[in-house]
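Participant: Let me give you the structure first, and then I'll get to my questions.
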Amino acid sequence: MPRGGLSGSFSTPRVDVLIDMGNPLLNITVDGFLKIGAVAATRVAAEDAYHAFKRGSLSGDKIEHSLKKMCKEGAYWGTVAGVYAGMEYGVERIRGTRDWIVMDAITGSAIATAAEFINYLT
């Protein structure tokens, strides 16, 4: 019986920043902070650019507000991501194995913490 199939792989552009803090735990934590912080700041920039385009006006105050919002959101989400990445790595190193139950528990607690953190901010 003849068979058909598809073989290949999909990949996305990958950006890695190497910052050596002298400790793998710190390296992973800082990496998570920088990557997710940059994503959050980019999201705010795109959202504010869309709103400025939609309004048809741009002022110095709006740009300053957008920059402050970018830094704030980047720091918030970067912190959550850094803590998550550090906790995941730390637990994996302590236990000596990668356990899905423990990782799911850390993920659930990270989501709950992020939700409480965001709820506190608003």
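Participant: So which of 103, 87, 70 is over 23 Å from residue 120 (Cβ atoms) and without any contact (Cβ under 8 Å) to a residue 40 or more places away in the chain? Please lay out each step first, then the result.
Facilitator: Working: 87 fails: over 23 Å from residue 120 (Cβ atoms); 70 fails: over 23 Å from residue 120 (Cβ atoms).
Sole residue among the options that is over 23 Å from residue 120 (Cβ atoms) and without any contact (Cβ under 8 Å) to a residue 40 or more places away in the chain: 103.
Participant: Look through the stretch 40-79, keep the residues that are surrounded by fewer than 16 Cβ atoms within 10 Å (Cβ to Cβ) and among the hydroxyl-bearing types (Ser, Thr, Tyr), and return whichever of them is farthest from residue 117 (Cα to Cα).
Facilitator: Across the stretch 40-79, the extreme among qualifying residues is 57.
Residue-wise test of (1) out of contact with any strand residue (DSSP E or B) (no Cβ under 6 Å at 6 or more places or on another chain); (2) at pLDDT 85 or above; (3) among the basic types (Lys, Arg); (4) over 22 Å from residue 34 (Cβ atoms).
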residue	(1), (2), (3), (4)
54	yes, yes, yes, yes
71	yes, yes, no, no
75	yes, yes, no, no
88	yes, yes, no, no
93	yes, yes, yes, no
99	yes, no, no, yes
111	yes, no, no, no
114	yes, no, no, no
121	yes, no, no, no
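Participant: Name the residue that is farthest from residue 40 (Cα to Cα), counting only residues in the stretch 85-122 that are part of a helix (DSSP H, G or I) and of a type in the set (S, T, N, Q).
Facilitator: Here is the first cut: in the stretch 85-122, the ones part of a helix (DSSP H, G or I) are 85-95, 100-121.
Still in the running and of a type in the set (S, T, N, Q): 107, 109, 113, 119.
On the way: 107: 19, 109: 20, 113: 17, 119: 17 Å.
This residue is 109.
Participant: Still on this model: When you look at residue 82, is it buried (at least 17 other Cβ atoms within 10 Å of the Cβ), part of a helix (DSSP H, G or I) and either in contact with a strand residue (DSSP E or B) (Cβ under 9 Å, 6 or more places away or on another chain) or not hydroxyl-bearing (Ser, Thr, Tyr) (or both), yes or no? Reasoning before the result, please.
Facilitator: Values: buried (at least 17 other Cβ atoms within 10 Å of the Cβ): yes; part of a helix (DSSP H, G or I): yes; either in contact with a strand residue (DSSP E or B) (Cβ under 9 Å, 6 or more places away or on another chain) or not hydroxyl-bearing (Ser, Thr, Tyr) (or both): yes.
So residue 82 passes the test.
The values are calculated or read from the model by the stated rules, or taken from the named source; none is laboratory data. What you see is a predicted model; the values in this text were computed from it and never measured. Using ideal geometry, Cβ is built from the backbone for each residue, glycine included, and neighbour counts are taken over all protein chains shown.
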